[in-house]
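Structure first, then comments.
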Amino acid sequence: MKIAVGGATGLVGQTTLDLLSEDQWKEYTVLAFSSERSAGGRVAFGDGQLELRPLPDEPPNGVDVLLSALPNDVARMIVPAWRDAGVLVIDKSSVFRMESTVPLIVPEVNGKLIQRSHRLIATPNCTTTPVAVALKPILDEVGITDVHVSSYQSVSGAGKAAVEAWEAEERGREVTNSPFGARIHRNVIPLIGSLDADGHSSEELKLSRELGKILDLNGLIVESTSVRVPTYAGHGMAVEVGTEKEITPARAIGLWKQMVGVIVAEDPSKPPTALDCAGRDEVFIGRVRRPVSKRNALLFWVVSDNLRKGAATNAIQILERWMSL
Ligand SMILES: NC(=O)c1ccc[n+]([C@@H]2O[C@H](COP(=O)([O-])OP(=O)(O)OC[C@H]3O[C@@H](n4cnc5c(N)ncnc54)[C@H](OP(=O)(O)O)[C@@H]3O)[C@@H](O)[C@H]2O)c1
């Protein structure tokens, strides 16, 4: 099997290559694609390097899978062409996620929807994935009515240009073209993406729409505020979930402890931080408690590496499921 990585010089693409350089993938051929700007150069791959190829509009002969870590505008053009040529595309952009014919998958939540005949599978936004993982056992146990999230999202969530802008600010340079539109060094910015007419940001709307699709809850109420914070990796989410029936924090912790890929901090005084999850594939949960004023609700904190479970790891897990069919 030949696996192509699109956007191999980007933060998600490089994380994807890191994962594919692990032993279990050594019998597969991995090809690295970038824009014309980087093509001809090389990118680290395990102990060696891969040549960077310019991304063609049509897949090269023999490529079976595209792990796409491309910006939206590029994915919009490339993904359908590669899919229609018979390649399995697992796409990390937000372009196709809400299309009714495209499965939007977090394997431990709705992986059973994956079929071997699929040629395009989308992975969710980097905040949606860990929240969906955390909510799934609560949904199955007591039902959920509404979800309220405040997210604290790291700089790497906006790609390598954003990290470069942040690092330049750290070195004392004034960056006039920061992708954040405001200084992020020693700051927090309560706006990610563009605003709609009602004042909701595109990042907040992604979480609302994607959660309902993944959890198969049409019309699920999801309210959120997305904030950019000056950490490198790891998106943290403070979640309040309303439930149909009561659930105790102890029961929720017990359910999460049974899940593969979830780590629960049982001691509320030692909650998992962004640094704890950086470079890890798991979803970390802590600060589990009841709200002061409500019975059928739970408050908790969930944090995971946006480049790993929020993007590359989730895509690789989808590929593993697809290959197992
Ligand atoms: N960062 C995250 O935490 C995260 C999480 C979930 C999903 N995503 C999504 O994953 C995708 C990649 O994000 P990222 O953070 O890795 O972005 P990034 O660091 O900015 O990397 C973008 C990649 O796309 C390549 N590229 C840009 N224009 C291209 C073109 N015209 N043709 C071919 N390749 C092109 C770049 O290659 P060059 O180096 O040659 O320019 C680079 O490899 C985006 O859709 C993003 O929304 C990101």
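The values are calculated or read from the model by the stated rules, or taken from the named source; none is laboratory data. In this text, all values refer to a predicted model and were calculated from it rather than measured experimentally. Backbone-built Cβ (ideal geometry, glycine too); neighbour counts: all protein chains shown.
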Going through the stretch 140-161 in order, the residues found to be within 14 Å of the ligand (Cβ to nearest atom) and under 17 Å from the mean Cα position of the chain (by Cα) are 151, 152, 153, 154, 155, 156, 157, 158, 159, 160
Has the stretch 52-61 got at least one residue that is under 24 Å from residue 324 (Cα atoms) and without any contact (Cβ under 8 Å) to a residue 24 or more places away in the chain? yes
Could you check, for the stretch 39-51, whether at least one of its residues is under 25 Å from residue 118 (Cβ atoms) and not in a helix (DSSP H, G or I)? no
Taking the stretch 143-191 and keeping only residues that are of a type in the set (Ser, Thr, Tyr), in a loop (DSSP other than H, G, I, E, B) and farther than 18 Å from residue 204 by Cβ, one is left with 176, 178
When restricted to 184, 192, 247, 214, the only residue more than 24 Å from residue 312 (Cα to Cα) and out of contact with any Phe, Trp or Tyr (no Cβ under 7 Å at 6 or more places or on another chain) is 247
Worksheet entry | Flag for residue 88 being within 14 Å of the ligand (Cβ to nearest atom) and touching a Leu at 6+ places or on another chain (Cβ under 9 Å) | no
Selection over the stretch 180-204 where residues are out of contact with any strand residue (DSSP E or B) (no Cβ under 9 Å at 6 or more places or on another chain) and under 18 Å from residue 306 (Cα atoms) yields a count of 0
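Please state which one of 50, 55, 70 is in contact with a strand residue (DSSP E or B) (Cβ under 8 Å, 6 or more places away or on another chain) and more than 9 Å from the ligand (Cβ to nearest atom).
Being in contact with a strand residue (DSSP E or B) (Cβ under 8 Å, 6 or more places away or on another chain) and more than 9 Å from the ligand (Cβ to nearest atom) holds for just one of 50, 55, 70, which is 50.
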Notebook entry, point to check: Do we find that residue 151 is closer than 22 Å to residue 19 by Cβ, buried (at least 18 other Cβ atoms within 10 Å of the Cβ) and hydroxyl-bearing (Ser, Thr, Tyr) in this structure?
Noted result: no
Of those in the stretch 1-38 that are within 10 Å of the ligand (Cβ to nearest atom) and assigned to a helix (DSSP H, G or I), the residue nearest to the chain's Cα centre (by Cα) is 12
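So which of 157, 172, 242 is closer than 26 Å to residue 280 by Cβ and at pLDDT 95 or above?
157
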With the first residue restricted to the stretch 298-314 and required to be under 14 Å from residue 256 (Cβ atoms) and hydroxyl-bearing (Ser, Thr, Tyr), and the second required to be modelled with pLDDT under 95 and in a strand (DSSP E or B), Cβ contacts under 7 Å at 6 or more apart or on different chains are none
task: Would you check if residue 222 is buried (at least 16 other Cβ atoms within 10 Å of the Cβ), of a type outside the set (Phe, Trp, Tyr) and closer than 16 Å to residue 129 by Cβ?
output: yes
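Those residues that are out of contact with any helix residue (DSSP H, G or I) (no Cβ under 6 Å at 6 or more places or on another chain) and touching a residue at least 60 places away in the same chain (Cβ under 8 Å), I need them from the stretch 109-129; list them, please.
Step one: list which residues in the stretch 109-129 are out of contact with any helix residue (DSSP H, G or I) (no Cβ under 6 Å at 6 or more places or on another chain), which gives 112-113, 115-118, 122.
Scanning the stretch 109-129 gives 115, 116, 118.
Conditions (1) of a type outside the set (A, V, I, L, M, F, W, C); (2) not assigned by TED's automatic domain parsing to the domain that holds residue 69, marked per residue:
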position: 88; (1), (2): no, no
position: 105; (1), (2): no, no
position: 114; (1), (2): no, no
position: 142; (1), (2): no, yes
position: 146; (1), (2): yes, yes
Only one of 228, 183 is in contact with a helix residue (DSSP H, G or I) (Cβ under 8 Å, 6 or more places away or on another chain) and surrounded by fewer than 20 Cβ atoms within 10 Å (Cβ to Cβ), namely 183
Residues of the stretch 134-174 being within 18 Å of residue 211 (Cα to Cα) and of a type in the set (Asp, Glu), in sequence order, are 140, 141, 146
